[in-house]
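The values are calculated or read from the model by the stated rules, or taken from the named source; none is laboratory data. Keep in mind that what you see is a predicted model, and the values were worked out from it rather than measured. With ideal geometry, Cβ positions are generated from the backbone for all residues, glycine too; neighbour counts draw on all protein chains shown. When the accessible area is computed, the model is the full protein with side chains, heavy atoms only, and any ligands, DNA or RNA have been set aside. Shrake-Rupley method; radii C 1.70, N 1.55, O 1.52, S 1.80 Å.
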Amino acid sequence: MNANFGADWLRDAGRESDVVITSRIRLARNFAGFPFVNRAEEEDRRQILDLARRDIIEGELASQMLWVDMNEIPQLERQVLVERHLISKQHSKGGSPRAAAISAPDERLSIMVNEEDHLRIQVLRGGLSLSEAFEQINEADDRIEARSDFAYSNRFGYLTACPTNVGTGIRISVMLHLPALKMTGEIEKVRRAAQRMSLAVRGYYGEGSEAVGDFFQISNQTTLGKSEHDLLEDFEANVIPKIVEYERRARRELLEKRRVILEDRVFRALGVLRHARLLKAEEALEKLSYVRLGCVTGVIEGTRVEDVNQLILLTQPAHMQRVLGRSLDQAERRVERATLVRAQLGGG
Amino acid sequence: MKHKCDKCDAEATVHEVVIKNGVKVTKHLCEAHAKDEGIAVHSHAPINELITKFVMSHSSKESEAPAAEQCEECGMTWSEFRQSGLLGCGSCYRTFEDQLGPLIERAHDGGTHHIGKAPKRNEGLVDRERRIASLRKKLTEAVRAEQYERAASLRDELLSAERPGDEGPQD
């Protein structure tokens with residue numbers, strides 16, 4: 001994981017990238033014949049780790065997979081993986097035997113071993129790309145399953161430690177940038193509509209986080225009684241395009257009827273980012289969100305969406321320290337963050 | 001189809017069907033009146049809360065299902081599950097099927113059975129070996145603990161697992 005970030009979704013913003021940041025799918029799986037992680041002895045967990053490693057290597061899931069033992073890398077590196085959406089916070093805490101396998105250099109496929117379930121397989125892609133993501137994750141799942149049996153029941157499907165994930169074990173999660181809906185207050189309608197459809201709306205940092213900088217994650221909550229295919233189609237043909245269209249309409253209205261207000265927000269944000277000397281992570285995210293809006297609406301020229309996406313990641317605490325190659329306390333990070341952003345956005 | 005709340009003019013967002021003495025009663029309520037009636041509105045409340053509510057509203061039923069009931073595989077009890085919200089192993093789903101069924105149905109918006117991908121079950125050699133090894137270990141333990149009934153059923157399972165071409169017991 002080098003500073004220049006091979007991650008695919010950072011290099012290629014993908015389809016509908018004016019609104020959709022990433023598409024993510026994960027599958028929860030457990031090997032048959034072992035207790036779930038929360039009930040497993042140290043020795044069981046070690047065996048699960050070995051088994052997963054063997055299956056991942058023999059299954060040739062990607063042309064190159066990195067195997068990362070969570071207990072062998074420093075906390076900062078684990079935090080980098082969390083910020084890159086490759087592992088969960090819970091997984092980064094380490095402790096008992098746990099690992100992650102990550103496809104390199106594209107970082108599209110990642111597998112957490114011994115998180116809440118034995119395996120949490122994930123595919124992450126830029127823009128709206130759920131069918132491709134599903135195709136890849138399904139293939140990875142097949143290849144592992146050809147080598148090991150998963151805990152499965154005819155009634156409940158794939159068995160998971162938490163009954164809220166049982167069945168398909170699938171979570172589809174799309175990260176959206178909805179600044180115009182936020183500005184017009186219509187975001188609440190989206191929230192309510194999502195709730196009616198049993199979808200969760202979360203913030204940039206996932207579970208339990210508020211939406212900072214107008215980034216919202218929409219994901220399914222139910223995993224039993226609906227096939228992967230139906231759920232996928234629901235997202236790809238219905239839910240997401242509707243929200244995308246809704247956001248675009250709100251942007252058009254802002255451009256046509258309240259252009260000066262939109263421009264003011266965007267240029268104020270750009271002004272702060274180009275000249276601030278101290279920047280908190282949240283403030284950076286909030287202002288970058290407006291700059292992104294400025295890019296995709298043509299209010300700002302010469303800045304690419306990809307550059308803004310990268311800055312969003314680079315200004316997060318672990319990435320800052322990783323890029324600068326030394327550990328920084330919070331006060332130092334604010335100074336360095338402001339310096340980095342100024343340099344990237346051509347400020348002074 | 002949209003319904004008005006049975007008790008006011010607001011749109012009903014909570015619908016409950018109760019079968020009482022063989023008669024089907026359907027209620028349509030707005031959020032506020034549903035709350036008054038004590039019907040949980042947040043269908044996606046955290047699982048712990050869901051469990052507590054569910055168990056409380058079925059407290060008489062719970063005394064029938066002994067809290068001490070234990071999963072044979074991993075030793076998990078229902079009350080342990082209620083505390084952590086996590087099951088101990090795949091067999092827990094069978095052990096606690098009666099208690100889990102309604103809970104799962106609520107968490108999954110009425111979903112009761114799996115629809116979708118299923119394993120192809122071309123059981124690999126390694127898995128067969130692993131299953132046999134695990135069965136042997138359990139058999140030894142059962143004999144040592146003088147659990148002869150369990151030992152006998154484990155022996156049968158072991159015999160069938162060792163027979164080539166036999167898929168072994170599925171869930």
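Residues checked against (1) surrounded by 18 or more Cβ atoms within 10 Å (Cβ to Cβ); (2) at pLDDT 90 or above; (3) out of contact with any strand residue (DSSP E or B) (no Cβ under 6 Å at 6 or more places or on another chain); (4) under 26 Å from residue A:128 (Cα atoms):
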residue: A:24; (1), (2), (3), (4): yes, yes, no, yes
residue: A:31; (1), (2), (3), (4): yes, yes, yes, no
residue: A:68; (1), (2), (3), (4): yes, yes, no, no
residue: A:73; (1), (2), (3), (4): no, yes, yes, no
residue: A:82; (1), (2), (3), (4): yes, yes, yes, yes
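Identify all residues within region A:46-60 that are in contact (Cβ under 8 Å) with a residue 40 or more places away in the chain, assigned to a helix (DSSP H, G or I) and surrounded by fewer than 21 Cβ atoms within 10 Å (Cβ to Cβ); write none if there are none. The answer is A:46, A:49, A:53, A:54, A:58. Take the conditions within 19 Å of residue A:294 (Cα to Cα) and either crowded, with 16+ Cβ neighbours inside 10 Å or assigned by TED's automatic domain parsing to the domain that holds residue A:312 (or both) and apply them to residue A:231. Does it pass? Judged against the criteria, residue A:231 is not a match. Contact map, region B:102-113: first residue at the interface with chain A (Cβ under 7 Å from one of its Cβ atoms) and among the acidic types (Asp, Glu), second residue part of a loop (DSSP other than H, G, I, E, B) and open to solvent by less than 40 Å² (accessible area, probe 1.4 Å), Cβ cut-off under 8 Å, separation 6 or more or different chains; pairs are B:109/A:198; B:109/A:222; B:109/A:225. Taking the criterion of being of a type outside the set (S, T, N, Q) and more than 7 Å from every other protein chain (Cβ to nearest Cβ), the residues of region B:74-93 that qualify are B:75, B:78, B:80, B:81, B:82, B:92.
Looking across region A:84-107, the residues that are surrounded by fewer than 23 Cβ atoms within 10 Å (Cβ to Cβ) and basic (Lys, Arg) come down to A:84, A:89, A:93.
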